[in-house]
Amino acid sequence: MLSGCGKDYKEEPGTTKEQEKEEKAKREQVSLTVWGAEEDTELMKQVLEQFEQEYQDEADFQIVYQAQGESGCKDVLFGGLEDGADVFTFPDDQLQALAAAGAIEPVPDAERIREEHLPKAIEAASVADTMYAYPLTADNGYFLFYNKEFFSDEDVLSFDRMLDIAADNGKYVSMDWSSAWYVYAFFGNTGMEAGLNDDGITNFCNWNLKEGEITGVDVARSMLDIAANPGFSNRTDAEFMQGVMDATVIAGISGSWNAVAIQQAWGDNMGAAKLPVYSCAGQKVQMASFSGCKLIGVNAYSKYPEWAQKMAEWIVSEQNQKLRFELRGQGPSNKQAAVSEQVQQSPVISALLAQSEYSHLQRVGGKFWEPVETFAGNMALGNESGEDLQKQLDRMVEKVTSR
């Protein structure tokens with residue numbers, strides 16, 4: 001009986017060093033590979049070291065953290081599941097494909113995890129009624145950053161007003177039209193729709209609508225007006241941050257992952273708010289947003305599935321989500337972490353909460369992205385091709401909804 005008691009056996013009077021060595025030799029040897037964002041390297045170093053310390057009496061670990069872009073995680077995994085990471089970070093829009101391919105294991109203690117995390121995060125981590133991943137953040141959306149030196153709280157309610165202020169100061173308001181993720185902002189609250197069909201693969205989309213209070217052409221014309229404003233700059237996320245650093249950009253639409261760097265650049269002048277309204281068809285339309293969560297998945301082909309599940313749960317624990325917020329400024333999905341005083345006082349979290357009324361979980365198939373980005377790219381160039389706007393919208397929708 002004593003030989004099966006593990007740690008308790010070591011504490012028995014008379015235990016020799018030889019016996020302790022024997023017990024150590026019997027411990028499981030566990031090798032785990034963890035994938036996540038390169039920007040998370042220092043954070044994850046702390047998290048993984050604490051995991052080893054917590055379970056040091058139960059196993060000997062060899063844990064490797066590898067930087068792997070979250071947006072490309074699914075594709076890399078599909079390139080060879082057996083060679084993939086045991087535990088990995090990915091955006092929730094990849095969940096359905098990963099689950100359908102049998103690439104990830106359902107969460108074993110799902111009921112308890114559901115109780116610990118925000119409902120929206122649980123929804124993002126589930127397919128139908130099955131929970132396939134652990135929620136890591138509840139902030140994978142976008143909102144407005146602005147420099148208070150140039151804008152008042154009232155100014156940032158209107159995109160038009162912000163563009164005029166930027167132009168008057170020889171500066172820019174930035175938005176990324178090379179990403180369909182952000183372009184959704186213009187269509188999402190117009191009554192037009194885009195989303196995933198029941199097959200989980202193809203899309204529905206009517207952004208080329210010809211009738212109604214707001215049509216597809218109305219949105220296209222609004223985008224052209226914005227692009228023509230000297231205060232607007234179409235920039236990728238990296239280019240937006242470069243503009244923040246060199247002081248040419250004084251506001252932009254981005255997400256919480258840039259909060260720490262923007263805070264360092266603008267200091268007390270950093271402001272965050274819900275997205276503004278923009279002018280369209282004689283109306284003021286509230287800009288929409290895609291929302292989502294970062295998730296932690298466990299590879300169905302892991303050689304150490306129980307330890308991989310423990311690792312995933314450890315990464316998303318209350319204490320580590322608080323640490324993630326502290327070091328990376330990312331909003332927790334864990335209920336207790338989300339209501340902590342530090343998180344509640346964050347302007348970024350307040351902006352996300354304000355925008356959440358106008359946000360929708362990102363649920364689109366793979367054919368959504370390229371056609372929307374092509375269309376928006378031409379709008380950013382002032383319709384350089386000169387092609388009829390309705391024809392461009394029709395072609396975009398045809399490709400988005402193709403099978």
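The values are calculated or read from the model by the stated rules, or taken from the named source; none is laboratory data. Because the structure is a prediction, the values reported are computed rather than measured. Virtual Cβ from ideal backbone geometry, glycine too; neighbours counted across all protein chains shown. We work out accessible area using only protein heavy atoms, side chains counted, and drop any ligands, DNA or RNA first. Shrake-Rupley method; radii C 1.70, N 1.55, O 1.52, S 1.80 Å.
Per residue, the solvent-accessible area of region 314-385 (1.4 Å probe, heavy atoms of protein chains only, all protein chains present) comes to 44 Å². For the set 120/335; 294/399; 120/367; 120/294, the pairs lying more than 19 angstrom apart at their alpha carbons are 294/399; 120/367.
Bridging of residue 148 to aspartates and glutamates at a Cα separation below 20 Å is possible for 160, 164, 168, 246, 268, once same-chain residues fewer than 8 apart are set aside. Taking Cα atoms only, the orientation of helix 159-168 departs from the longest principal axis of the chain by about 80 degrees.
Remark: the Cα gyration tensor places region 252-403 in the oblate category, a/c being 1.5 or greater and a/b not exceeding b/c.
How large is log10 I(q)/I(0) at q = 0.06, 0.11 Å⁻¹ when the Debye formula is applied to the Cα atoms of the chain, each weighted equally and without solvent? Each listed q corresponds, in turn, to -0.29, -0.85.
Annotation note: trypsin sites (Lys or Arg not before Pro) in region 272-352 located in DSSP loop regions with a Cβ neighbour count of at most 12 within 10 Å are 303. A P(r) calculated from all alpha carbon pairs of region 282-332, with 5 Å bins opening at zero, reads 5, 16, 17, 16, 13, 12, 7, 5, 4, 3, 2, 1 percent. Cβ-Cβ distance of residue 201 and residue 161, R₀ of 56 Å, FRET efficiency by 1/(1 + (r/R0)^6): the value works out to about 0.85.
Heavy atoms of the protein chains alone define the surface here; on that basis region 74-217 has 42 Å² accessible area per residue at 1.4 Å probe size.
Expressed as a whole percent, the accessible area of the chain that falls on carbon and sulfur atoms is 46 (1.4 Å probe).
The residue among 33, 312, 350 whose Cα reaches farthest toward the positive pole of the charge dipole of the chain, with charges on the beta-carbon of Lys, Arg, Asp and Glu, is 350. The percentage of C-alpha pairs in region 99-239 whose separation is greater than 18 Å is 70%.
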